[in-house]
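The values are calculated or read from the model by the stated rules, or taken from the named source; none is laboratory data. Since the structure is predicted, the reported quantities are computational estimates derived from the model, not experimental observations. FYI the Cβ positions are ideal-geometry reconstructions off the backbone, even for glycines, and counts take in every protein chain you see.
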Amino acid sequence: MRLLDHKPVPALVLLAGLLAPLASAQAYNVTLTFTNLSAAKGAALSPFFVALHDGSFDPFDTGTTASSSIESLAELGSGSGLAADFAASNPDGVSATVTASVNAFGPGIYLPGGSGSMTLNLDPVKNRYLSYFAMVVPSNDRFVGNDSPVSIELFDGAGNFTGGSFTRNGDSIWDAGTELDGTTGAAFLDGSTATDSPAQNGQIALNHDFSVYGGLLTADGYNFDDLPGASVPLLRIDAVPAVPVPAALWLLGSALPMLGWVRRRKGSALAA
């Protein structure tokens, strides 16, 4: 009997064909860690709302009136409004709330020295940039967040992970301009109700002056004695790749039985 009309597919050619669809669709598991660098008795930070996007998510600008979502974040530490805005405008984006797990208070608040992490699966194109937002307390309406949506790049234009560590000092703190500074309505102050809101009707501006809250008792029981300084580190963001089993290795393992079948089929044909 003659051999089979079709030559067996070489193993490397078969594997290359199986791996080809992955080349343009590789995703990365990235771990984001937020650390409050404030000294003891310094500022605390609310849980972080994070958004991973293509560079188009820009919820605030300096010199403008804060949106209701930024106001909620700056006065109450709530990222729910920003999450809704992001979901509506960035259907391919990835968002999350990262709470403190080390040196935390209450609902995941980052006390001085506190930190928290989360691992997210990201597309290098659709989730190229990171935006972050958190309230700084004690305060009436102070927050941190990147004004430029493309200032923190996790992937370059070729899809390569760049990540790294990003540090922000006290001079990166924003005043939302929505509430007057004082003990009335200030969050994280002992005896103050954060939902009280003496309106300011101002605009978003950089402001690290916390002197009105200096020495006051916080909800965690310490006196706020170490106020943020312009050049004093406040926050560090670390973005590093988590290391899962590469998809290519998994696929290679799943392809081995097929390669064995090809060899057996070839041997059977020759024997016939």
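Descriptive notes on the structure:
- Any hit, region 208-218, residues being over 22 Å from A104 (Cβ atoms), in contact with a Ser or Thr (Cβ under 7 Å, 6 or more places away or on another chain), free of Cβ contacts under 8 Å to residues at least 24 places away in the same chain and not aliphatic (A, V, I, L, M): no
- Every listed requirement among (1) more than 22 Å from F133 (Cα to Cα); (2) more than 26 Å from the chain's Cα centre (by Cα); (3) modelled with pLDDT under 95 is met by N223 save one, (3).
- Lone qualifier among A74, A84, A100, A40 - being within 15 Å of the chain's Cα centre (by Cα) and of a type in the set (G, A, S): A100
- All positions within region 45-66 that are buried (at least 17 other Cβ atoms within 10 Å of the Cβ) and part of a loop (DSSP other than H, G, I, E, B): S46, P47, F57, P59, F60, A66
- Single match in A104, A88 (criterion: free of Cβ contacts under 8 Å to residues at least 40 places away in the same chain and in contact with a Leu (Cβ under 7 Å, 6 or more places away or on another chain)): A104
- Inside region 107-137, residues that are of a type in the set (A, V, I, L, M, F, W, C), under 18 Å from F161 (Cβ atoms) and in contact with an Asp or Glu (Cβ under 9 Å, 6 or more places away or on another chain) make up a count of 2.
- For region 107-136, a residue qualifies if it is over 25 Å from D58 (Cβ atoms), crowded, with 19+ Cβ neighbours inside 10 Å and either free of Cβ contacts under 8 Å to residues at least 12 places away in the same chain or of a type in the set (V, I, T) (or both), and exactly one does: I109.
- All of (1) under 30 Å from D196 (Cα atoms); (2) among the charged types (D, E, K, R); (3) in contact with a Gly (Cβ under 9 Å, 6 or more places away or on another chain) hold for K126 with one exception: (1).
- Test: residue in region 141-163 that is among the polar types (S, T, N, Q), within 16 Å of T31 (Cβ to Cβ) and buried (at least 16 other Cβ atoms within 10 Å of the Cβ): no
- Restricting region 91-101 to residues that are in contact (Cβ under 8 Å) with a residue 24 or more places away in the chain and of a type in the set (G, A, S), the residue that is surrounded by the fewest Cβ atoms within 10 Å (Cβ to Cβ) is A96.
- Scanning region 167-220 for residues that are loosely packed, with under 14 Cβ neighbours inside 10 Å, within 18 Å of N146 (Cβ to Cβ) and not aliphatic (A, V, I, L, M) returns a single hit, T167.
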